[in-house]
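Step one of this worksheet: look at the structure below.
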Amino acid sequence: MGKKKVAILLPWLKMGGTNKVALRFIRQLVDFSDVTLILSQNIGELRSEVPDGVNIIIDEMKPFKEIFQEDIKKFKVIHIIKDLIYYARVKTGKDSIDNYKYLVGRHGFISNDSFDCAISYHGQSPERLLNLIYRVNADKKVAWIHGKISFTQDECLRMEKYYRRLDHFYFVSGPTMEAFIEKINVNPAKCTVYYNPLDKNEILQMSDDSMDLEFNKNVINILTVGRISSEKGQDMVPAITRRLLDNGFNICWYLIGDGGMRPEIEKLIVKYNVQNNVILLGTKTNPYCFMKNCDIYVQPSYTEGYSTTICEAAILGKAIIGTSPSGGIKDQITDGNDGLIVDATINSLTNAVMKLIENEELRHTFERNIIKKNFSGDGEIKKFISFLNTDG
């Protein structure tokens, strides 16, 4: 009997926590299965990290304009009418999840292959979910949920009818699973917590590489890694830095990552006059050498399912500050024992940073305690392989 065939849907391979974790999962999965990676766009810095032997399909859906032009050219009257209805709904603000289903329906199957299992690894994405349901032929269909559901109540009801068509759900933390089940009425028996896989040896090895800049040893160097977007909380960093400086704390705060909110962060850096103290480093393929050399790691997210970067900082034995709305962080840090969990506010984060700067012994206690925890996700792959090999 040959290996089982598994398809994994991702939007692209841009640098980001979810995509990095997906690739680690794939690296483990290739030992057990034939893996096909389905990308919506053929872009991203992580393309080189796809393991050998993984089949890659680029599925760039036709834009509506092209579909409409083809229907006009071939005079497909029924399709033209449906196109116009779709367009009218978009123009009147009724561009719902159900509406997107029309575009999905105008495309054929992504692959002629039939898979034993297909996974929407960005499980909160309506686009990936609908393509999984309607355009992939698979015996089992799965969604991987990485954070809090941000849909409105109406959107949740619309998503629910599609989620119910899936065979299983994997969640990156217990709180993430609980929050999902509260909003989406799915069978809890179909839900499993699956902690993100990490390559501890790779992280330790890469952390020994040289940085392309030198940290000033005479100041406290703080680091945050993550996509620069509204949910990640980097917008608080300039104000927090200003308060710390005004209170006599000599710090430099480095932000690794890029994203749509970068221009806003740049304006805030100027507004609070912290150009020399908040440094935007952009995307780094190796953030671990920076993590290893920082004094404090801060994840200021407003929402976070299970923070990969906190796991990585923990493996490197860092003093970590996380935020309480970020459900999964409570699965990672024990507040007061191996890190701090505070409210995602400027006041709370400022006080937490002050506490760790003033109390160097507490900082070292956190470093000693956090490094003892197991963040590698060893053995988690067995959960998925068991599901894959189960009939029904």
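The values are calculated or read from the model by the stated rules, or taken from the named source; none is laboratory data. Because the structure is a prediction, the values reported are computed rather than measured. Neighbour counts run over all protein chains shown; Cβ positions are idealised from the backbone, glycine included. Accessible surface is based on the protein model in full, side chains and every heavy atom, while ligands, DNA and RNA are left aside. Shrake-Rupley method; radii C 1.70, N 1.55, O 1.52, S 1.80 Å.
For the full complex of protein chains and a 1.4 angstrom probe, list 36, 92, 345 by accessible area with the highest value first. Numbers along the way, then the final one.
On the way: 36 10, 92 95, 345 60 Å².
Highest to lowest solvent-accessible surface, that is 92, 345, 36.
Please work out the C-alpha center-to-center distance from the stretch 56-74 to the stretch 247-325 and express it in whole Å.
Cα centroid to Cα centroid, the span is 41 Å.
Quick check on the stretch 314-392: what does the Kirkwood estimate of hydrodynamic radius come out to from the alpha carbon pairs, in Å?
On the way: mean 1/r = 0.0702 Å⁻¹.
It works out to 14.2 Å.
When all protein chains stay in place, what accessible area (Å², nearest 10, 1.4 Å probe) is found for residue 306?
Near enough 20 Å² of accessible area.
Once R0 is set to 51 Å, what does the formula 1/(1 + (r/R0)^6) return for the Cβ-Cβ distance between residue 57 and residue 335, expressed as a FRET efficiency to the nearest 0.05?
On the way: r = 44 Å, r/R0 = 0.86.
Efficiency, rounded to the nearest 0.05: 0.70.
Might you work out the accessible area of residue 61 for me, using a 1.4 Å probe with all protein chains in place, and round it to the nearest 10 Å²?
Its heavy atoms expose roughly 50 Å² to the probe.
Could you work out how much longer the chain between residue 276 and residue 92 gets when fully extended? Use 0.36 nm per residue separation minus the Cα distance between them, nm to one decimal.
Additional length available on full extension: 61.6 nm.
Using only alpha-carbon positions, what ratio does the radius of gyration of the stretch 282-348 give when scaled by 2.2 N^0.38 Å? Let's see the in-between values first.
Details: Rg = 11.5 Å, N = 67, 2.2 N^0.38 = 10.9 Å.
The reported ratio for this selection is 1.06.
Per the 1.4 Å probe, what fraction of the accessible area of the stretch 142-237, in percent, lies on carbon and sulfur atoms? Don't jump to the answer; show the numbers that get you there.
On the way: 2020 of 4550 Å².
Answer for the stretch 142-237 is 44 percent, counting heavy atoms of protein chains only.
When the expected Rg is taken as 2.2 N^0.38 Å, what fraction or multiple of it is the alpha-carbon Rg of the stretch 182-282? Don't skip to the answer; put the middle values down first.
On the way: Rg = 18.2 Å, N = 101, 2.2 N^0.38 = 12.7 Å.
That ratio works out to 1.43.
If packing is taken as the average count of other Cβ atoms within 10 Å, what order do 380-391, 240-251 fall into, highest mean first? Please list the in-between numbers first.
Details: 380-391: 13.9, 240-251: 16.8.
The peptides rank, most packed first, as 240-251, 380-391.
Taking N as the number of residues in the stretch 55-183, what is its alpha-carbon radius of gyration divided by 2.2 N^0.38 Å? Before the final figure, lay out the partial values.
On the way: Rg = 16.4 Å, N = 129, 2.2 N^0.38 = 13.9 Å.
My calculation over the Cα atoms of the stretch 55-183 gives 1.18.
Among 191, 100, 308, which residue has its Cα furthest toward the positive end of the charge dipole of the chain, with +1 on Lys/Arg Cβ and -1 on Asp/Glu Cβ?
100
Of all accessible surface on the stretch 1-111 at a 1.4 Å probe, what whole percent is carbon and sulfur? Write down the numbers at each step before the final one.
Values: 3370 of 6130 Å².
Roughly 55 percent of what the probe reaches on the stretch 1-111 is carbon or sulfur.
Would you compute, for the Cα atoms of the chain, the largest minus smallest coordinate along each principal axis and list the three values in descending order, in whole Å?
Over the chain, Cα extents along the principal axes are 72, 51, 39 Å.
Once the other residues with Cβ under 13 Å from the Cβ of residue 164 are scored (Lys, Arg +1; Asp, Glu -1), what is the net sum? Show your work: numbers first, answer last.
On the way: positive: 141, 158, 161, 165, 190; negative: 160, 167.
In short, +3.
Could you provide, to the nearest whole Å², the per residue accessible area of the chain with probe 1.4 Å? Provide the component values of the computation, followed by the final result.
On the way: 17880 Å² over 392 residues.
So the chain comes to 46 Å² accessible per residue, rounded to a whole number.
For residue 349, what accessible surface area do you get with a 1.4 Å probe? Give it in Å², rounded to 10.
Spelled out: residue 349, probe radius 1.4 Å, area about 0 Å².
Label residue 49 and residue 383 with points 7 Å out from Cα along Cα→Cβ: what is the distance between them in nm?
So the two model labels end up 2.1 nm from each other.
Among 288-300, 174-186, 210-222, how do they line up from the highest to the lowest mean number of other beta-carbon atoms within 10 Å?
Values: 288-300: 22.4, 174-186: 17.5, 210-222: 12.8.
Taking the mean over residues of other Cβ atoms within 10 Å, the ranking is 288-300, 174-186, 210-222.
For the chain, what is the calculated [θ] at 222 nm in deg cm²/dmol (nearest 500), taking -39500 (n - 2.57) for each run of four or more DSSP H residues and dividing by its residue count? Display every interim value, and only then the final one.
Values: 15 runs with 153 residues, N = 392.
Helix contribution divided over all residues of the chain: -11500 deg cm²/dmol.
Between residue 200 and residue 70, what is the FRET efficiency for a Förster distance of 41 Å, r being their Cβ-Cβ separation, to the nearest 0.05? Before the final figure, lay out each step's value.
Values: r = 51 Å, r/R0 = 1.25.
Efficiency for this residue pair is about 0.20.
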